[in-house]
Amino acid sequence: MLFRSVVGAFYYIRIIKLAYFDEATVQYDKPSLLTGVLMGLSSILMLVYFVYPAQLVSGAEMAAKALFLG
């Protein structure tokens, strides 16, 4: 049990060290304009669904009834 705790602590402390104290070795490309637009649109749709879920849920319910009962 103690051995597993030591191994786990070493693993997670190493991740913290890499994330906060080491220099970045890989430079990532900036996302394209299309990617930004799609991410923004999907974020807005998720917020709309979170605030007003009834419209989407009722539409899904009607579609499920049409598929399985009709």
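Does segment 12-35 include one or more residues that are of a type in the set (S, T, N, Q) and either in contact (Cβ under 8 Å) with a residue 12 or more places away in the chain or open to solvent by less than 100 Å² (accessible area, probe 1.4 Å) (or both)?
As a first pass, look at segment 12-35 and keep what is of a type in the set (S, T, N, Q): 25, 27, 32, 35.
Pick out the ones that are also either in contact (Cβ under 8 Å) with a residue 12 or more places away in the chain or open to solvent by less than 100 Å² (accessible area, probe 1.4 Å) (or both) and you get 32, 35.
Yes: segment 12-35 contains one or more residues that are of a type in the set (S, T, N, Q) and either in contact (Cβ under 8 Å) with a residue 12 or more places away in the chain or open to solvent by less than 100 Å² (accessible area, probe 1.4 Å) (or both).
Each residue in segment 48-70 was checked for being among the aliphatic types (A, V, I, L, M) and surrounded by fewer than 10 Cβ atoms within 10 Å (Cβ to Cβ), and 5 pass.
Considering (1) in contact with a helix residue (DSSP H, G or I) (Cβ under 6 Å, 6 or more places away or on another chain); (2) hydrophobic (A, V, I, L, M, F, W, C); (3) assigned to a loop (DSSP other than H, G, I, E, B), the lone condition that ALA24 does not fulfil carries the number (1).
The values are calculated or read from the model by the stated rules, or taken from the named source; none is laboratory data. This structure is a prediction, so every number in the text was calculated from the model and none was measured. Positions of Cβ are backbone-derived with ideal geometry, glycine not excepted, and every protein chain shown enters the neighbour counts. SASA here: full protein model, heavy atoms, side chains in, ligands and nucleic acids out. Shrake-Rupley method; radii C 1.70, N 1.55, O 1.52, S 1.80 Å.
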